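Since the structure comes first, as structure tokens, the remarks are kept for the end.
We did not get these values from a lab; they are worked out from the coordinates using the rules stated. The model shown is predicted, which means the values in this text are computed figures rather than measured ones. Cβ placement follows ideal geometry from the backbone for every residue including glycine, while neighbour counts extend to all protein chains displayed.
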Amino acid sequence: MKLSLYQRLSLSLFGVFIAIVCVFYFWSQQVEQNTRYESEQQLHLSLAANLARDNPLLQQGVYDHDALENLFHTLMILGPAFEFYFADPQGNLLTHSIDDSLIKRNKIDLVPLIQLTRNKAPLPIYGDDPRHLTRKKVFSAAPVFNGTQLQGYLYVIVAGERYESAYNKGHGNRQVELSIVFAVVAILFLFAVMLGLFRYFTNPLRHLIADIHALKAVNFDKSKVKLHAWMGNSQNEVHQLGCVFHDMVEQINDQIEQLKQTDVHRRELLADISHDLRTPLASLQGYIETIAIKGDSITSEERNKFIRTALKNSSQLKMLIDQIFELAHLEGGQVSMNLENFNLTELLYDVVAKFQLKAEVLNIKLSIIPEFSHIQVYSDIGKLERVLSNLIDNALRHTPAGGNIILETSDVNNGQCYLTVKDNGTGIKAEEIAYIFDARYRASNAIQGESKHAGLGLAITQKLLELLKCEIRVQSQLGEGTSFSLNLKNVTT
């Protein structure tokens, strides 16, 4: 049977409390016994000395042991709690007040007697009990002299067998019964209190476990289950854990939603890319089959036209495949960064030179403002060149003949500089700006020229800028043009 934390804590505390009660009981019994014996011994400390001093038989020395035995018997009748013994200087018992058959040892240790008579140890001091081989008893003792000659010791056990028997039969039994009753009541009371306290303290933990099981049952969909509320500012660790659990659930649901959206976008992208791949591939295959089937029946001019069209479709197919691989590589996150310091204006002139011929053919002017600058930036020059190439290529497609494309740099004082690529082309509708970085998205007013493109350029640009830790801002007005502005780390000294 599996026990809950609440049950394990309760049983553990119950067991510990029983052990503590038992230890306390035996300890209190020992303390009570020592206190009682100390009082008895203190009360009768001078008993043996008084008997030795007041009794003529003992004062004259021990010659008549029978008479001494009768004396002890008479004293025992007067004081049944006492047991009287007389021992020689070596500790051998010479006579006593009890029946011989009850004596278990005939010699006692004299060290406790000497400690008591010379006051060399704190009370209670325990001496040998002649009626038992190992038991110790509190006693009163006094040396007996005949002149200056030590005759022996008067040894009086002040809590004898009759005393112990009477005490245990009366007070002792009642005390044990009262102690047991008290212990049982205390255990039951504490157990009830602890059950309530443990239930109170473990209640938040049970709520948290219930939340976890409920959430698991609905496949971690938070919208299908009502979770308990937790106090974020509480010092209770379980409440703090509950708050973290809520945050974790929120994050899990956000990630699940993102995965769903990503899956939808992936399916849409695959569908679009499949269409884009199929179109140039079918055209390429068609022209090649035409050339192969007709052979020499077509003119040289038609053959060259078919070959040029096939090459154009193969180039389009290659460009699309390259962009797909590049986007997949960037999304995989396995891209190395080569950061370095370089002159930004020099990079701009290199990129512009690459598109200059194409711009002249389209009758579009490319310009850099300012023409000369000493701005040094810290970035990956290859990836930044790819970003600028995508932005300029995008601007060329959306700028009509006679238009302008400007690459403008501006220096700021907080360690940043801004680079802006702006054109005076068709512009973008305000409601479409938020979607232009989505893969395969094309604005509704995009110019449909002869030059085909995959529609992945801005999506690749955004991924590259995320790696460069650059933010990009877009401003556009329909029919007036668009500007893309990004920030770079300025290291100019």
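Across the stretch 479-484, rounded Karplus estimates of 3J(HN,Hα) from the backbone phi angles (6.51 cos²θ - 1.76 cosθ + 1.60, θ = phi - 60°) give x, 10, x, 9, 10, 10 Hz, Gly and Pro being marked x. In the structure shown, the pairs LYS216/LYS383; LYS224/LYS463; LYS429/LYS469; LYS383/LYS429; LYS358/LYS429; LYS422/LYS489 are assessed against 32 Å; a Cα-Cα span above that value is assigned to LYS216/LYS383; LYS224/LYS463. Backbone phi angles across the stretch 338-349, fed through the Karplus curve with coefficients 6.51, -1.76 and 1.60 (θ = phi - 60°), yield HN-Hα couplings of 10, 7, 7, 8, 7, 7, 5, 5, 4, 4, 4, 5 Hz in residue order; Gly and Pro are listed as x.
Count Lys and Arg as plus one, Asp and Glu as minus one, and take only other residues whose Cβ is under 13 Å from that of ASP128; the net charge is then +4. Each label was represented as a point 7 Å from its Cα along the Cα-to-Cβ direction; for ILE307 and ASN341 these points are 5.4 nm apart. Within the shell of other residues whose beta carbon sits under 12 angstrom from the beta carbon of ILE288, the net charge comes to +1, with Lys and Arg scored +1 and Asp and Glu -1. Listing CYS417, CYS22, CYS243 from fewest to most neighbouring C-beta atoms within 10 Å gives CYS22, CYS243, CYS417.
The modelled label-to-label distance for the pair LEU102/SER367, using points 7 Å beyond Cα in the direction of Cβ, is 13.1 nm. Computed from the C-beta positions of LYS226 and THR262 and an R0 of 22 Å, the FRET efficiency is 0.20 to the nearest 0.05.
Identify the residues of the stretch 82-104 with backbone N under 13 Å of a label point that sits 7 angstrom from the Cα of ILE114 along the Cα-to-Cβ direction, or state none. Residues passing the 13 Å test: 89-91.
Each part reduced to its alpha carbon centroid, the stretch 357-398 and the stretch 134-160 end up 119 Å apart.
Each of the peptides 355-361, 374-380, 418-424 was scored by the mean count of other Cβ atoms within 10 Å over its residues; in descending order, highest first, they stand as 418-424, 374-380, 355-361. The residues LEU344, LEU123, when put in order of fewest to most other Cβ atoms within 10 Å, stand as LEU123, LEU344.
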